[in-house]
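The values are calculated or read from the model by the stated rules, or taken from the named source; none is laboratory data. Quick caveat: nothing in here was measured; it's all calculated off a predicted structure. Ideal geometry is used to build each Cβ from the backbone, glycine not excepted, and the neighbour counts take in all protein chains shown. Quick note on the areas: whole protein, heavy atoms, side chains included, nothing else; ligands and nucleic acids left out. Shrake-Rupley method; radii C 1.70, N 1.55, O 1.52, S 1.80 Å.
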Amino acid sequence: MSSWPAGYGLHVLDEVDSTLNEAARIAPTMTGPVWIMARHQTAARGRRGRAWANPRGNLAATLVMRPDGAPEVAALRSFVAALALYDACIAVTGRADGLTLKWPNDVLLNGGKLAGILLESAGRADGVAHLTIGIGVNLAQAPEASTLEPGAVRPVSLLSETGAQVAPDDFLIELAAAFAGYETQFATYGFAPIRRAWLDRAARLGQPIVARTATSETAGTFETVDERGNLVLLTAKGRVNIPAADVYF
Ligand SMILES: O=C(O)CCCC[C@@H]1SC[C@@H]2NC(=O)N[C@@H]21
């Protein structure tokens, strides 16, 4: 088992509205990065304003930090978090089979959604006041597929797919340790090695996918992720770089 990374704080709460909200509340007073974990959230949220189901036994955690640099660079930490989640899953199950990363922010296991990441930030004139990286992992239970939007990736749990019973506290230690390692790599070498590692683990690379926003739909071959973290699709009209969308297989 890994040890808790030096320099990172930890707050564990029994119940909170959302660990993202709690992170924003403590941000003005924190002196270094802090992980906030809650055993239960009463108002958990997912990407694009969706609700996030959060039964006890699943991981609900947010890392709050004050990154240097421009907001678009800070946002690349969604890839840092995805790599850390991937490694934490291997650390607790002892296997990598079936694990892939789905652009922009999901971890898949056997093709189903195991974990999601939601980044939020507060601005400052010269950069980011604070960044919150909210992470939910279906350790024990996946939400009912009927509660999800049509076309959403089927949700799975670590328990149902691997038989591994992993406590949120144990998972968080592996996640925090892995994040700290990738964060050091990101701070030292920039996005290039993070991007390469992410692409090595990418779901559906080289295959046809569809990227949807509220106003558009783009179908094409998933060529790569560019140096800004954009999805690059090769379409009938040429190459398209997409900064934000939901991806459908
Ligand atoms: O839509 C997604 O895939 C992202 C889900 C993020 C859920 C986590 S659970 C911990 C943190 N608190 C929240 O309210 N949301 C994130």
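Structure data summary
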item	result
Semi-axis lengths, Å, the stretch 9-200, gyration tensor of Cα atoms, sqrt of 5 times eigenvalues	24, 19, 16
Cα-based Rg of the stretch 90-182 normalised by 2.2 N^0.38 Å, two decimals	1.22
Probe 1.4 Å - accessible area at residue 2, Å² to nearest ten	50 Å²
Estimated dipole of the chain in Debye, rounded to 20 [Cβ of Lys and Arg +1, of Asp and Glu -1, Cα centre]	500 debye
Solvent-accessible area of residue 144 with every protein chain in place, 1.4 Å probe, in Å² to the nearest 10	130 Å²
Estimated [θ] at 222 nm from DSSP helical runs (n ≥ 4, -39500 (n - 2.57)) normalised by residues in the chain, nearest 500	-8000 deg cm²/dmol
Cβ-based net charge around residue 148, under 13 Å, with every Lys or Arg adding one and every Asp or Glu removing one	+1
Accessible heavy-atom area order of 204, 50, highest first, probe of 1.4 Å	204, 50
Relative contact order, percent, the chain [alpha-carbon distance under 8 Å, six or more residues apart]	18 percent
Accessible-area ranking of 161, 174, largest first, probe 1.4 Å	161, 174
Net charge, residue 70 excluded, C-beta distance under 13 Å - Lys, Arg +1, Asp, Glu -1	0
Accessible area, probe 1.4 Å, largest first, for residues 30, 1	1, 30
Average Cα contact separation per residue, the stretch 208-248, under 8 Å, 6 or more apart, as relative contact order %	38 percent
In nm, spacing of pseudo-spin labels at residue 26 and residue 169 (7 Å Cα→C-beta vector)	1.6 nm
Nearest-10 value in Å² for the accessible area of residue 200, using the 1.4 Å probe	130 Å²
Contour excess over end-to-end distance, with Cα ends at residue 249 and residue 15 and 0.36 nm allotted per residue	80.7 nm
